[in-house]
Every structure is written in C-alpha cells, then in structure tokens.
Amino acid sequence: MMSSVRTITTTRLLSTTPIKATASSQTPRHLINIAPIENHQKLLGKLVALLFTKRSTRTRISTEGAASFFGAQPMFLGKDDIQLGVNESMYDTTKVISSMTSCIFARVNKHQDILDLCQHSSVPIVNSLCDKYHPLQAIADLLTIKEQFGDNLKGLNLTWIGDANNVINDLSIACLKLGINVSISIPKDITFDQDVVEIAEKLAKEQNLTFEIVNDPIIALNNANIVVTDTWISMGEEEQKLAKLKQFQGYQITQEMCKLGKVNSNWKFMHCLPRHQEEVADDVFYSDNSVVFEEAENRLYAAMAVIDGFVINKGDLLK
C-alpha cells in the first residue's frame, strides 16, 4: 500500500511522520474495500468511546465506521447520555470510561477539556474537535489535496477565506509542514490565534514558504490552487448570526471572486461542512472545482488511520 503521512497528536497537529500502514489515511480506497479479514479483527470485542458534547454528522459517522472496520463496537456518549457535567466530574468520567474502552474520541467545547482528558485517561484520547483545533479534519483535507494534486505538494498555494477558527488553525500548520503556502483572509476586526501564528511563521521560515494574513479576499486568492472556507457562525454562536453576517459581508466565495483573484487554472474548492449559502455560492460549491463530498468521505479514512496508529499500534507509526 502507498506510503502515508499521519499528522496528529491527541492535542494538536505538530508533527509529520512518513509511514507505511495497512489502514493509513492515504491508503487507496479500493485496497480498503478488499482489506484482508485480519484487519477487521484487530479490535474485535473492544469498545471505542465517542464522548461528544457537540452535535455531529461527519465526525460521528466516520468514527463509528472506523471503529467497526477494525471490529470494535463504537459507543456514542452524548451530553444527555451520561452523568458528565450533571452529577460527575471530568476526572471521574475519564477514569471510568478509559477503564472500559480502547480509546476515546472526544468532541468537546474547550481545548482544556482535551488536555484534562489526556492527563487522566489510561487510553488514547483523539481530539475530534475543540474550540482551538480540529486535527481529524486536517488529515482528511490533506488526503483530499493529495488525491487532487499528487504526492508532491511543495509550492502549492492554499487560500482560506472566512473566520479564524479551529479548522484553519490545524490546516495552516499541516499545510506548511507539507510544503504548501498559506494565505488567510479574515475581516479586519477578527484576530488569529497568536500562538498558531507563531508556529506557522516559524514553519514557513524553515521551509521557505509563505504564510500571510490579509483582509482582502481578492489578494489572498492570487494563484491559489486550493480555496477553503468554513462556517462563519460556529456552534454556540447562533445568537451572533446577524452581527456575523454583517461582519463577513463581501466574503462569500463565488466564481466571479475567484476570477478577480486570479486563482490557478487547476483550483479546487473545499469546505468541511455543513455549508451555508452565505459562505459560498452554488456556482462554486456544486461546480467541477468542488471536492467537498470527497473531502467529507475522507473523514472516514482519517479516523481509520488514527485508530490504526494510536490504538492498534500504540503510537508506533512506523509499523
């Protein structure tokens, strides 16, 4: 099977390790479909916990599918299903869940929750989303980019137009690690996480790449190969919708905007979903440039790679 790059830790995406593996995030799909039966027995009889305090479509389906692929039983633990936050502390909950499962996929509110889980758990914690990072999405996005542009990503240009959030925090670091220039366009009254900026600028300098944050989407789009956005109104920000829509006026991605920005002729559009029409027009989202549904499917292979690397192989990514 083809070699892969896995770029995840339980807290943030900070390292890349070339590996060869049976269920890597970049294993060709036809090989996954005909995988030997041994793959489906590696976690037979085991439990994989999904500790979710936020609703989900792609994360839940991909995680449950990945656990099932290896023979494990996924167990969804939503905020209304267990005692956490009602009658039981995070510490007690972590101790109990980790004593009975092989790993915990945690989709939480605060990054501190991920850190607390890591501190007290006896099994691997996989950050399935928090307010600061979204590493599983970054893995899926990199796989999608490789499928479109090949293994050599050096010199490609990724443009992000939208909010400063967990998705671009991880994606910018991941792209720079693999040789992709990053240009980010956010409104002037929005600030980017400074610690992420420092990591990104250091990586860009080390690899002779470009990392920039601008306010004008047209400037950011120049010669872009990959154009990416995400929701402007994150979960928990619904009351700010009108203010957000005003704040992001002029940021909707359209074919006309991309033309004015002089994107590369081979450009592709990505969005982690769910999508709202104010973020991207139909003439982009449903165009031949769009790979949003391939990107969504790749969340499954990202979750499989993480289980293979951190649960089955216990963190030995060279196996």
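List of remarks:
- Set VAL214, VAL197, VAL228: member being within 17 Å of LEU176 (Cβ to Cβ), touching a Gly at 6+ places or on another chain (Cβ under 9 Å) and among the hydrophobic types (A, V, I, L, M, F, W, C): VAL228
- Of all the criteria given as (1) without any contact (Cβ under 8 Å) to a residue 24 or more places away in the chain; (2) over 22 Å from the mean Cα position of the chain (by Cα), the one not satisfied by LYS202 is (2).
- All told, SER102 meets the bar of being touching a residue at least 40 places away in the same chain (Cβ under 8 Å), hydroxyl-bearing (Ser, Thr, Tyr) and buried (at least 19 other Cβ atoms within 10 Å of the Cβ).
- Of the residues LYS154, LYS205, LYS188, the single one that is in a helix (DSSP H, G or I), among the basic types (Lys, Arg) and modelled with pLDDT of 95 or more is LYS205.
- Filter pass, TRP232 being of a type outside the set (S, T, N, Q), within 19 Å of the chain's Cα centre (by Cα) and either surrounded by fewer than 23 Cβ atoms within 10 Å (Cβ to Cβ) or at pLDDT below 95 (or both): yes
- Verdict on PHE310 being under 20 Å from the mean Cα position of the chain (by Cα), among the hydrophobic types (A, V, I, L, M, F, W, C) and under 25 Å from SER183 (Cβ atoms): no
- Given (1) modelled with pLDDT of 95 or more; (2) under 24 Å from PHE149 (Cα atoms), number of the condition MET304 does not satisfy: (1)
- Criterion: under 20 Å from ALA305 (Cβ atoms), surrounded by 24 or more Cβ atoms within 10 Å (Cβ to Cβ) and either among the acidic types (Asp, Glu) or in contact with a strand residue (DSSP E or B) (Cβ under 6 Å, 6 or more places away or on another chain) (or both) - qualifying residue of ASP170, ASP151: ASP170
- Count of the stretch 283-319 residues which are in a loop (DSSP other than H, G, I, E, B) and under 29 Å from CYS258 (Cβ atoms): 5
The values are calculated or read from the model by the stated rules, or taken from the named source; none is laboratory data. Predicted model only: the values in this text are computed from it and were never measured. Please note: Cβ atoms are built from the backbone with ideal geometry, for glycine as well, and neighbour counts cover all protein chains shown.
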